[in-house]
Structure formats: structure tokens, C-alpha cells
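As C-alpha cells, the structure follows; a few thoughts come after it.
The values are calculated or read from the model by the stated rules, or taken from the named source; none is laboratory data. Since the model is a prediction, treat every value here as computed from it, not as a measurement. We place every Cβ from the backbone using ideal geometry, glycine too, and count neighbours over all the protein chains shown. These accessible areas exclude ligands, DNA and RNA; they are computed on the full protein's heavy atoms, side chains included. Shrake-Rupley method; radii C 1.70, N 1.55, O 1.52, S 1.80 Å.
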Amino acid sequence: PALPPEGAPPSPSARRGAAIARRPSAVLGLFAVVITAMGFYGASVEEHLAVGGLDVPGSESALAAEEAGRRFGVGAADLLILYRNPEGDVRDAEFGSRIIDGLEAVLADEGVVGATTVYDTNQRTLVSRDGSETLVVVSLAGDSAQKLATFYRIEPLLRAIEPPVETAVGGLVAFTVLVQQAAREDATAAEVIALPFAALLTLLFFRGVVAALLPIVIGAFAMAGSAALVRIAANFTEISIFAMSVGAFLGLGLSIDYALLLVQRFREELADGADVQDAVAATVDTAGRAVWVSGLTVTTSLSALLLVPLPVLRSVAIGGVL
């Protein structure tokens, strides 16, 4: 958009840009405090997000699964612990006593509902054909976040059975932890690989260190901000881990694009002879408004997914909007 005619009163965005330019130290200081706080708060966001979200609550399939679990005990096990006896049969009395003794501390945890073993049910399906391995099914209480917290507490206890017992931990909750770790590694890769690569490109384009670093700082701010906001939102509704992937690539991609637009317009204003304050005001009034309209357009389009009853798509919308 073009600047208002000469003599016309400045627009609200131009006045905001001028106010920012008059207090650069205060703005930068506040910016540093906010990005640091959001970075620390959002660093562990993956631990507060659920894995899955592919079932529609209240649908016929979801109701059938709940009914099957209630009537027949059929459903996904929270934790499946595989114990192996390399020296013989798992139904050996000494081996069995080690498993039972080791599970006592697990069952004492307030987040554990119970455990099903071959030693108290005599179910043959819990023992491998060669008799060297046995499954222990552990049920946990609470929602996804509470089950994860319980898992982190009891995992060392599950693996603390005395030798020669060999232990492997699986199940839906353990799978959730693996997905969270993968999401955290992906986010780290974006920061370690994408940001330096983008910095190199902007340096080649702008031929100035400060101008080149600004889009990268804004990109890092967007990623930290989206992580912090998603963690806050997770306190009020269940959000899928996939929200972070969407937030990362949208936040990084769009913020770098928008920052490039602002920096280029600012440099054009300086080249036309404007002082710094006037250049900032003009930049915020023109390129800044273009960024605002573009961001609002992306937000509006993503918000349409909030109407879809599938939790994973709603999570994508929440992550993208934030």
C-alpha cells in the first residue's frame, strides 16, 4: 500500500512504527525478555501433547471401542512389559517371584490401576511358545498427560528387575514417548539446520550482518512463541503432537518471509533519504500492514479446520493459528 498523501494525519500503524523507533532499547529489551521466557516455557511442550487424535469422539467406532473395553477388556494396553528368561522358562518359581517382587513398587504408584500377569491369571497367551518370554499388561489412570507422568515415574521400576531378567517396554504410552522424542528431534533439526541455512541466504541477499540476522531472530521468536502458546492451550484442550510440526514450519517459513519484506522496505526508505524514525514508521505503515493482512488470511484459512471433529486436524489448526 502507498503512503498517505503529504499533510494527511499519520495512520495508527505509522504512529505505532514511530513510537517503536523512538524507544529502540526498550523494545529490544522487552523482546529479549519475552523470547527468553517463551523459549524456556515452551521447551518441554512435547511432554504435554497427546499422540494420535485420529478417532472422532462420540462416533460409532469410538463408542464401539469403549463398549468393547468395558464389557470384554479389549483395547490398547497402556503399557506392555516383555520379560525374558534367558536361562529357562518364565513360569519357573524363582523367576516368577522376581517379577512379582519387582512389580510391587510399580503397583504402589497412585497412577497405576493394575497389572495382569501369567502368575495371577495363568493365561497361556501371556507366555511365548518356547516359554522364555512373558507379557505383563499394565493399566494406568488419568488422561494422556497423567499417564505420561506416571510412565516416567515407573519406567525405572519396570526395568529394575534383578538379572538374569531381560526387559523391553512397549504399549501405547511408551509409543507416545517415542513420538514425542521424534518431534523434539525434528524441532531441533529445524533450529540447527534451517536457521543457519536461512541466515546464509539472507546474508548473501542483504550483504549486511544485522539485516541478515533480523529474519532469523524473528523466525526463532516465532518458533519459541508458538511452542509456548501451544503449551498454554494444552492446559485447556487435548492437542496432538502434530501441532508442533505445523507450528514450526509455518512459524519459521512465514516469519522469515515477512521479515525479509520489512527489511527490504526499510532499506528502500533509507535509500530515499528518510531518517531512521521515518523509515520505521513508513515500513510499519506499508509492509507491516501487508504482513498483518497476510497473517490474518493464513489464520482465517487455518481456522476452518477447527470445525472438523477429527482431533488431529483441530490440533493442526491450533498449532498453525498460534
- Pair LEU204, PHE249: separation of 7 Å Cα→Cβ label points (nm): 2.2
- Task: With unit charges on the beta carbon (Lys/Arg positive, Asp/Glu negative), name the residue among MET223, PHE31, ALA317 whose Cα is farthest towards the positive pole of the charge dipole of the chain.
- Result: PHE31
- Item | Label-to-label distance, nm, for residues given as SER303 and ARG15 (7 Å Cα→Cβ offset) | 2.6
- Message: If R₀ is 22 angstrom, what is the calculated FRET efficiency for the pair ALA189 and VAL217, using the beta carbon separation as r and rounding to 0.05?
- Response: 0.70
- Message: Per residue, how large is the accessible surface of the chain? Use a 1.4 angstrom probe and give square angstrom.
- Response: 56
- Within the chain, what's the longest run with no GluC sites (Glu not before Pro) in a DSSP loop and at most 12 other beta-carbon atoms within 10 Å? Give the range, please. 111-322
- Task: May I ask you to compute the full-extension gain from GLU87 to SER44, defined as 0.36 nm times their residue separation minus their alpha-carbon distance, rounded to one decimal in nm?
- Result: 11.3 nm
- Item | Extended-chain gain in nm, criterion 0.36 nm per residue less alpha-carbon gap, SER128 and ARG159 | 9.2 nm
- With axes computed from alpha carbons, what is the tilt in degrees of helix 242-271 against the longest principal axis of the chain, rounded to the nearest 10 within 0 to 90? 10
- For the chain, find the longest principal axis of its Cα atoms and tell me its angle to the long axis of helix 24-42, 0 to 90°, nearest 10. 10
- Note on the structure: Once both label points are put 7 Å beyond Cα along the C-beta direction, the ILE100-ALA149 separation in nm becomes 3.3
